[in-house]
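This report refers to the structure that appears directly beneath it.
A short reminder: the numbers here are calculations on the coordinates, not readings from a lab. Not measured: the values here are computed from a predicted model. Glycine also receives a Cβ, built like all others from the backbone with ideal geometry; neighbour counts cover every protein chain displayed.
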Amino acid sequence: MRLDKMLSECGVATRKESARAARAGSITVNGTPVRSADVKVDPAVDAVVYCGTPVRYRKFFYFMLNKPDGYVSATEDGRDPVVTELLPEEYRRLGLFPCGRLDKHTLGLMLLTNDGVLSHRLLSPKHHVEKSYGFTVKFPLSSADIDALEGGVDIGGYVTKPCRVNLSNERNGVIAITEGKYHQIKLMMEAVHNQITSLERLTFGPLSLDPTLERGEWRELTEEEITLLNQQ
Ligand code: URA
């Protein structure tokens, strides 16, 4: 693979930047400066150092983000800020996209990746990956409401699959669903004549929102977390 392709796929440098760095003698391959960025390298074998920093070749990237209020789950939007803007510039050219959507006013755990195959699997209805959300509703929920929500409610012609609801008091709780219809939880609460007033995703499959991440903060997933996701 060409050195400049490797560096751009890793989010280290654009092809132009690599060409400039190579001319300046700032890229080494196996300890030797290269004069041109179009030389061939084997990412699995060759040790590439860009401007003093060793480069680890990866095709796929995985981030956990604590989504703040007001951001839309998209890579571009004419009106509102998008979640990918919360990542630094060098990561934005990796082709990252949100793995599933959260509404503009929903907070919490959002995964961003450029791994389309994994994302597709995690979101596929066939795989039943569970996501849990902390919620607050406007009116008290009765035990009949909980039974209805857990058994499945009609949200505009679709009956939701069984889910779990645990209340901490009559207006707050955690709901765990294994599907991801548009506005699902809002519509489920409306189906029992209630209204969501706040919603925060707490878990996605085996992953929990990292409590050290403030709203708008992100971190890369660990190797262990990526392995867990791939086992879903
Ligand atoms: N359900 C909703 O209604 N909104 C979300 O953002 C996620 C699940």
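Pairs meeting the criteria (first residue in the range 176-191 and in contact (Cβ under 8 Å) with a residue 60 or more places away in the chain, second residue within 8 Å of the ligand (Cβ to nearest atom) and of a type outside the set (K, R), beta carbons under 8 Å, at least 6 apart or on different chains) are H183/D103; K186/D103; K186/I196; K186/L199.
Out of (1) buried (at least 16 other Cβ atoms within 10 Å of the Cβ); (2) over 25 Å from V117 (Cα atoms), the odd one out for K5 is which? Checking K5 against (1) buried (at least 16 other Cβ atoms within 10 Å of the Cβ); (2) over 25 Å from V117 (Cα atoms), the one that fails is (2). Counting only residues that are within 15 Å of the ligand (Cβ to nearest atom) and either part of a helix (DSSP H, G or I) or closer than 22 Å to L122 by Cα (or both), the range 153-186 holds 19 of them. On inspection, D42 fails the criterion of being in a loop (DSSP other than H, G, I, E, B) and closer than 30 Å to R201 by Cβ. Looking at the range 219-230, is at least one residue within 23 Å of G70 (Cβ to Cβ) and outside any loop (DSSP other than H, G, I, E, B)? Yes: one or more hits. Filter the range 8-39 for residues that are assigned to a helix (DSSP H, G or I) and in contact (Cβ under 8 Å) with a residue 12 or more places away in the chain; which is surrounded by the fewest Cβ atoms within 10 Å (Cβ to Cβ)? By that ranking, first place goes to R23.
With touching a residue at least 12 places away in the same chain (Cβ under 8 Å), surrounded by 21 or more Cβ atoms within 10 Å (Cβ to Cβ) and either part of a strand (DSSP E or B) or acidic (D, E) (or both) as the only criterion, which of L112, L102, L141 stands out?
Values: L102 fails: either part of a strand (DSSP E or B) or acidic (D, E) (or both); L141 fails: either part of a strand (DSSP E or B) or acidic (D, E) (or both).
When all the criteria are applied, what remains is L112.
Cβ-Cβ distances below 7 Å connect the following pairs, each with a first residue in the range 200-218 that is over 14 Å from L107 (Cβ atoms), a second residue that is within 14 Å of the ligand (Cβ to nearest atom) and in a loop (DSSP other than H, G, I, E, B), and a separation of six or more residues or different chains: G205/V129; G205/E130.
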